[in-house]
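The values are calculated or read from the model by the stated rules, or taken from the named source; none is laboratory data. Quick caveat, the model's predicted, so the values are computed rather than measured. Here Cβ is always computed from backbone atoms with ideal geometry, including for glycine, and neighbour counts include all displayed protein chains.
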């Protein structure tokens, strides 16, 4: 299945390098090789492969090569300087794609050495918005139970999806994390993942998890940051600007693979909406140059709205997610009346969409199809 970002990447390649980032097995290598079919002399090089590594270090590819694809290049010492030199001296006809399974932390880590030399593209799991031209977009149960990663989502055998997930998580925890060489106790990392699978939608307390595991809050925070860097979980932080200081500060964590979530249908649905909103945020930032961010709202006295989409530190939409209850969330109504933010309540099992007290009550799937990418 052709990814919707293909033509956007091809367009950007005529101007700068493209950095293609996202979770492992989300389809980055497949997409890069699919793009390579548009070129006459493409070359794919994976830094994890010994022979490819030699070619990369010696820059020993044919001069006629018109597309260079570098996979896992961030594992190379001084990879940023390598790319800078390569890009600044390459022939005009050569174009470059750089992919990676672990987060490249472009904004914070790349710095000035590559400034102005690349476009960033986030490749996320399938969503109803990306698949809206297909019949698969209407199968919300498939999205929630299997997640949006291509292999488990597209298979016709449910058991194969479960086998993929088991091997996927085990591989990430045993090999990718081991490569980072930052883990003193892999068992604790596994336990943290198990705890997080059952805490979707609740603010995460490092202190509480630390007490459960018998480790320090600093260790818990460090391990969660590693899970984020490997695109296993992502953080949604509370929005604070122009809102009362009574807002709680703890983040909420969601999984890139909704199929990993343990809990009731409401928790799984919330995680699914979270990843769709994050994908929308990345699309806004990558392709429109916006400064979108995904947040949530929660006061110390328990008033909470699941999500808030902010553009340049200004809330554009508040979004509450419900499995079947179409009654207005009091917190959503309170925030809307006090701050006049646009408010939407999404309901999975909803017979009739309607407007109530300036709040739109919409079907989840219909709303998600309208998001970007």
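Could you list, in sequence order, all residues of the range 148-161 that are modelled with pLDDT of 90 or more and not in a loop (DSSP other than H, G, I, E, B)?
150, 151, 152, 153, 154, 159, 160, 161
Working only within the range 222-241, note down all residues that are in contact (Cβ under 8 Å) with a residue 12 or more places away in the chain, assigned to a helix (DSSP H, G or I) and under 12 Å from residue 253 (Cα atoms).
Matches in the range 222-241: 224, 227, 228.
Pull out all pairs, ordered by first then second residue, where Cβ-Cβ is under 6 Å, the residues are six or more apart or on different chains, the first lies in the range 181-192 and is modelled with pLDDT under 65, and the second is in a helix (DSSP H, G or I).
Close Cβ pairs (under 6 Å, with a partner that is in a helix (DSSP H, G or I)) amount to 183/177; 183/189.
With (1) touching a helix residue (DSSP H, G or I) at 6+ places or on another chain (Cβ under 8 Å); (2) more than 30 Å from residue 128 (Cβ to Cβ) as the list, and residue 253 as the residue in question, which single condition is left unmet?
So residue 253 meets the others, but not (2).
So which residues in the range 21-54 are without any contact (Cβ under 8 Å) to a residue 24 or more places away in the chain and either in a loop (DSSP other than H, G, I, E, B) or loosely packed, with under 14 Cβ neighbours inside 10 Å (or both)?
Hits for the range 21-54 are 37, 49, 50, 51, 54.
Quick one: is residue 240 more than 16 Å from the chain's Cα centre (by Cα), farther than 21 Å from residue 23 by Cα and crowded, with 19+ Cβ neighbours inside 10 Å?
For residue 240, the condition - more than 16 Å from the chain's Cα centre (by Cα), farther than 21 Å from residue 23 by Cα and crowded, with 19+ Cβ neighbours inside 10 Å - is not met.
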